[in-house]
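These notes are about the structure you will find just below.
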Amino acid sequence: MTRVWYVKPEHPDPAVLAEAASILRRGGLVAFPTETVYGLGADATSSRAVQGIFRAKGRPPDNPLIVHFADAGDLPSLSAAARRLAASFWPGPLTLVIPRVPALAPEVSCGLDTLAVRVPDHPVARELIRRAGVPLAAPSANRSGRPSPTTGEHVLADLEGLIDGLLDAGPTRVGLESTVLDLTVDPPAVLRPGGLSLEDLQRVLPGAHVAGPTAGPARSPGIRHRHYAPRARVVPVEGAASGARATLKAMVIRLRGEGLRVGALVTAELAGADLKADVVRAMGSRADLAAVAAGLYAGLRAVDEAGVDVILVESDFPAAGLGRAIQDRLARAADLVPGPPPGSGIQ
Ligand code: TXA
Ligand code: MG
């Protein structure tokens, strides 16, 4: 059974946090809010607890986890670059890949010699980690492959009955996952664009760049799997902004003509247009990419739940700032990102 506690984001009830922390110390699984998305927490020092995460999520065994700390000072020795980044961006939506730390369960790293760490910017997350007294391994709290949860309802939709508890503190602020930066390569490489923009990163670490597709084993195994996907087929639509609500409308009409139920996930500017779709949902104004990011996953899930066959998503956002992360997630939801070769054993 999954216990659900409703807590105030700024002032969570200490008795509730104590109970959730004691479940974690006993090796249980508790979902909790961060500023990016909800995480599924387990004691990162316990192999048994960490194995529970992989089971509950149906997560491929080659996809390593991020370990969450309450404070940068709780981390063992950090390099000078890592310390600089931590001072500028923690707590916040930045994950650093550093050399592996022996005190943690080997399962968090899935056999890699590196470890991903971050300090989340949410009072519930930080207080929970403090009270647990151990760092928490926490992937996004969704079934593997589904869009990350930005509300407690999303977590329950995927994991009710499979996890011990959920701390529900309402919708998360950023709505997309953290930016993953690999500090074990030179120059440092962004493996996953996310809630912290490349531009902001480069102010502190001018050499940071976005990793291109690599030959051989992926540096960030998780990004090889189809991800962030609802059940319906996702089709990104370009040109929707440039006067082309006609493009979108024509696609809707063609698909409906084929007998399909069609959903449209668009910016506020287009939501009022007569698009003829079965379901239309807005994800924020084009002028405010933070609002689009915050509304993207909730929008994909909502349109999906309306039982459509296809979701047309307005997608021509600028390839800068948060736009990079939005574009990346849309491409993955639509399965437009090249995967591993067939027969490689990785799905
Ligand atoms: O915002 C977030 O990062 C959320 C919240 C809960 O903190 N967590 C999250 O975790 O998105 P997850 O497991 O869904 O995504 C972690 C990503 C995956 O792409 C994984 O492959 C990568 O980080 N990763 C983890 N450890 C790694 C490592 N040692 N080397 C390279 N990539 C790693
Ligand atoms: Mg995830």
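Structure data summary
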{"item": "Cα-Cα P(r), the chain, percent of pairs per 10 Å interval", "result": "6, 26, 34, 24, 9, 2, 0"}
{"item": "Normalised alpha carbon radius of gyration of the stretch 233-333 [divisor 2.2 N^0.38 Å]", "result": "0.97"}
{"item": "Computed [θ] at 222 nm, deg cm²/dmol, the chain (DSSP H ≥ 4; -39,500 (n - 2.57); rounded to nearest 500)", "result": "-9000 deg cm²/dmol"}
{"item": "Cβ-defined net charge surrounding residue 153, 13 Å radius [Lys, Arg +1; Asp, Glu -1]", "result": "-3"}
{"item": "Degrees between helix 322-333 axis and first principal axis of the chain (Cα, 0 to 90, nearest 10)", "result": "80"}
{"item": "Value in Å of the Kirkwood radius, where the stretch 1-154 supplies the Cα pairs that are averaged", "result": "15.5"}
{"item": "Protection-proxy order for peptides 307-320, 137-150, 194-207, each taking the mean of Cβ atoms within 10 Å per residue, highest first", "result": "137-150, 307-320, 194-207"}
{"item": "C-alpha long axis of helix 289-305 to longest principal axis of the chain, angle in °", "result": "70"}
{"item": "Highest average packing first - 72-80, 24-32, 98-106, 248-256, Cβ atoms within 10 Å", "result": "24-32, 248-256, 98-106, 72-80"}
{"item": "Rounded tilt (10° steps) of 80-89 against the dominant C-alpha axis of the chain", "result": "60"}
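Each value in this text was obtained by applying a stated rule to the coordinates, not by laboratory testing. All figures in this text were calculated on a predicted structure; none of them were measured in a lab. Glycine gets a Cβ as well: all are built from the backbone with ideal geometry, and neighbour counts include every protein chain shown.
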